[in-house]
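The values are calculated or read from the model by the stated rules, or taken from the named source; none is laboratory data. Remember, it's a predicted structure, so these values are computed and weren't measured experimentally. Glycine also receives a Cβ, built like all others from the backbone with ideal geometry; neighbour counts cover every protein chain displayed.
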Protein chains: 2
Amino acid sequence: MRNIKLTLEYDGTDFYGWQVQPEGRTVQGVLEKSLGDLLQESVRIIGAGRTDAGVHAKGQVANFATESELLLNEIYRGLNALLPSDVVVRCAEEVSVKFHARYDATSRRYLYRISSQPTALRRNFVWTILSALDLGLMRKAAQALMGTHDFASFCLGSEERPNYRCTVQQISLKSIEDEAHFQIAADRFLRAMVRIIVGQLVEVGRGRLTLGEFLEFLQKGGNQPSAMAAPPQGLCLMEVQYLHSARLAKGESR
Amino acid sequence: MRNIKLTLEYDGTDFYGWQVQPEGRTVQGVLEKSLGDLLQESVRIIGAGRTDAGVHAKGQVANFATESELLLNEIYRGLNALLPSDVVVRCAEEVSVKFHARYDATSRRYLYRISSQPTALRRNFVWTILSALDLGLMRKAAQALMGTHDFASFCLGSEERPNYRCTVQQISLKSIEDEAHFQIAADRFLRAMVRIIVGQLVEVGRGRLTLGEFLEFLQKGGNQPSAMAAPPQGLCLMEVQYLHSARLAKGESR
């Protein structure tokens, strides 16, 4: 049995998210279909993170087990030929059978883009906010999220977990031309967590929430049904990191 | 009678180009429809350039005459509310009745993006070329286009004009991450001219055409049915310039 790791880019606009659903086109679904056609066997794919409908990825990671003897390069080229144009395999690697895209990930990094101008060309990739945002205040609020916290209040209500602790490893908010770029890396993310963080930060930036109220919100812990989630199209999963990824690799094709 | 100048951004992916056609959705068509609904009169729009199907614009300019007494800001906001999401008015200005978006333009600037990697997120905005390109050689060829030339050989066959002289004012080819950005500004452009220039430059970059052959092609003059045009989605009309635009402006809204 071989274990293949894929690094994937996709445009989430026309997908009902990553995870296979009873109905609706999903990234996992089109990948498993194309892999099945290519390898002539039924394939189950494991993704590092389950992006929601409309959310994009530049560096999603997934793995699958296969009995196929196709060369890595044949898998890479074959998949890219079979996949629809809104999903692209950036890299295919053969890794240890122990590698698990979700459990072994030590860090995931997301980018959220906010545009201060109406835009046609970037409409599927930004949240447009025409009112002025106090980025300095938003940066202060964001910094308070660094380190380990219980993020239950930044999690979509329906999710039940043994614990809601996440460790934020990196956080930044940069102004780039007419956009604000919010980046966050953490060991794990709860459901809709980045979008709720961005939604609450924007409330701070608009002056509707004070810095103190933002910190209180973080400390509340329990689910906050009132929490405003930023719309999905501004969000992109940029990168997933693993320990010892070099040791796991047996070869790669890109 | 008032004369209104619009600066427009659009995603050309789902349009049959700028110009109204007997059938098919066009940018001019949706603009005239939204303007008609807003102003309650029949409006004819003049665009600075006729972009082809799939070609984008970040700074297309257009103007129209109207009897409407709506405030400039009402036109700007009303249009953006009525237009589909793939067309956005970036700026509305009231200008002299003499202003003509096409005839008065002194410079148009286009950007063409080439990606060296397969991409899902940028697939509607780049031409993907996986084989290596010699950008240095392409730059040399591009520089030969500076100044005034007869560009008949870089023009789509069907176009008949009194003359094919264009003055290239600015030309550059830059490497930005995994993309090559080709920019060209000229007083005017013939039909499909930028796409044929890029197509021929890529032939040079791939080593299929020597620098000498490229120069010969330019000097040939007549229509060259063999000329390879780059695909439309990599192209974007960035800016249109006018003389004395400040003098013409009576007010603006953005």
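Numerical summary
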| item | result |
| --- | --- |
| Residue list for region A:42-78, filter: in a strand (DSSP E or B) and basic (Lys, Arg) | A:58 |
| Elements of type strands (runs of 3 or more DSSP E) in region A:84-189, at least 3 residues being more than 14 Å from chain B (Cβ to nearest Cβ) and surrounded by fewer than 15 Cβ atoms within 10 Å (Cβ to Cβ) | A:165-176 |
| Test: residue B:68 is more than 20 Å from residue B:12 (Cα to Cα) and within 14 Å of chain A (Cβ to nearest Cβ) | no |
| Matching residues in region A:1-24 - criterion: being within 14 Å of chain B (Cβ to nearest Cβ) and either within 13 Å of the chain's Cα centre (by Cα) or more than 15 Å from residue A:101 (Cα to Cα) (or both) | A:7, A:8, A:9, A:10, A:11, A:12, A:13, A:14, A:15, A:18 |
| Where residue A:21 falls short, out of the listed (1) modelled with pLDDT of 95 or more; (2) not in a helix (DSSP H, G or I) | (1) |
| Residues of region B:24-41 that turn out to be in a helix (DSSP H, G or I) and basic (Lys, Arg), as a count | 1 |
| Residues of region A:181-199 classified as touching a helix residue (DSSP H, G or I) at 6+ places or on another chain (Cβ under 6 Å) and either more than 16 Å from residue A:108 (Cα to Cα) or among the small types (Gly, Ala, Ser) (or both), total | 1 |
| Residue, surrounded by the fewest Cβ atoms within 10 Å (Cβ to Cβ), within region B:57-78, restricted to residues that are touching a Leu at 6+ places or on another chain (Cβ under 6 Å) and of a type outside the set (S, T, N, Q) | B:78 |
| Selection count where residues are of a type outside the set (Ser, Thr, Tyr), within 18 Å of residue B:93 (Cα to Cα) and within 14 Å of chain A (Cβ to nearest Cβ), scope region B:25-60 | 4 |
| Subset of region A:71-83 (residues that are closer than 11 Å to residue A:5 by Cα and either within 14 Å of another protein chain (Cβ to nearest Cβ) or of a type in the set (Asp, Glu) (or both)) | A:76 |
| Of all residues in region A:226-254 being touching a Gly at 6+ places or on another chain (Cβ under 6 Å) and under 18 Å from residue A:204 (Cα atoms), the one that is modelled with the lowest pLDDT | A:228 |
| Residue A:194 touching a strand residue (DSSP E or B) at 6+ places or on another chain (Cβ under 9 Å), crowded, with 17+ Cβ neighbours inside 10 Å and modelled with pLDDT of 95 or more | yes |
